[in-house]
Amino acid sequence: MLFSKPITEISDQELIAQYRNTSDIEALGYLYTRYTALVYGVCMKYLKDRDEAKDAVMGIFEKLIGTLQEHEVTHFKSWLYVTARNYCLMHLRANKNKQTEELPPFLMESDGFTHLEEGSELEENLVKLENCIEKLAGEQQQCVRLFYLQQKCYQEIGDATGYDLKKVKSYIQNGKRNLKICMEAND
């Protein structure tokens, strides 16, 4: 990589342009090094495990190799933050069924009636939730069902529905807000 000025004086945009034009991993490495602490902090916040966070930092870099070639990024730092957060959330979602924690016997309820009461309350809440989902606008309802009930990612939802990724995210956020309002109103 050849630059006429010191690497510390080269902007993020210049490094991105260098990488996109030449596929120079060294340029991407310099750029990523500037924000490694930020990415590690985001990963620790979500994953709460040092080794997993370190692995995620490496995984995110590997993801950037292809992603930066495909997408135009103007605000790298904020884009990288969102990318790191989404990477961690997808990692957690993929591993949520794998993580189990054994509870000590003294924390477990042995009274069957308590469990029955909790079960009927849970059933009532699920019925309320289903009723509220039915009240959502068509696009919101479709995206909420795919995201929360079928655990699809934004890209998969966009592919299945034909909606733009920004629209998918908007429908899910608005649907979630509307569900919360509906559930509170019916409480």
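Any read-out appearing in this document is the output of simple, stated calculations on the displayed coordinates, not a laboratory observation. Bear in mind the structure is a predicted one, so any value in this text is a computation, not a measurement. Here the Cβ is made from the backbone with ideal geometry for all residues, glycine too, and neighbour counts use every protein chain on show.
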> Under 29 Å from the Cα of Lys63, which lysines turn up, not counting those fewer than eight places away in the same chain?
Replying inline: Lys5, Lys45, Lys48, Lys54, Lys77, Lys96, Lys98, Lys152, Lys166, Lys167, Lys169, Lys176
>> Cβ neighbours within 10 Å, averaged per peptide: list 148-160, 126-138 in order, most packed at the top.
In response: 148-160, 126-138
> When the Karplus curve 6.51 cos²θ - 1.76 cosθ + 1.60 is applied with θ = phi - 60°, which whole-Hz ³J(HN,Hα) does each residue of the stretch 27-43 get, with x for Gly and Pro?
Replying inline: 4, 5, x, 4, 4, 5, 4, 4, 10, 4, 5, 4, 4, 4, x, 4, 5
>> Give me the extension gain from Lys77 to Lys45: residue separation times 0.36 nm, minus the current Cα-Cα distance, reported in nm with one decimal.
In response: 9.8 nm
> Can you sort Thr83, Thr161, Thr36 by how many other beta carbons sit within 10 Å, fewest first?
Replying inline: Thr36, Thr161, Thr83
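At a Förster radius of 45 Å, what calculated FRET efficiency corresponds to the Cβ-Cβ distance of Thr22 and Lys180, to the nearest 0.05?
Details: r = 48 Å, r/R0 = 1.07.
So, using R0 = 45 Å, E works out to roughly 0.40.
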> Using the C-alpha gyration tensor of the stretch 7-95, what are the square roots of 5 times its eigenvalues, in whole angstrom, with the largest one first?
Replying inline: 24, 13, 11
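Could you put Ser4, Ser11 in order, starting from the residue whose Cβ has the fewest other Cβ atoms within 10 Å?
Details: Ser4 6, Ser11 10.
With the fewest neighbours first, Ser4, Ser11 line up as Ser4, Ser11.
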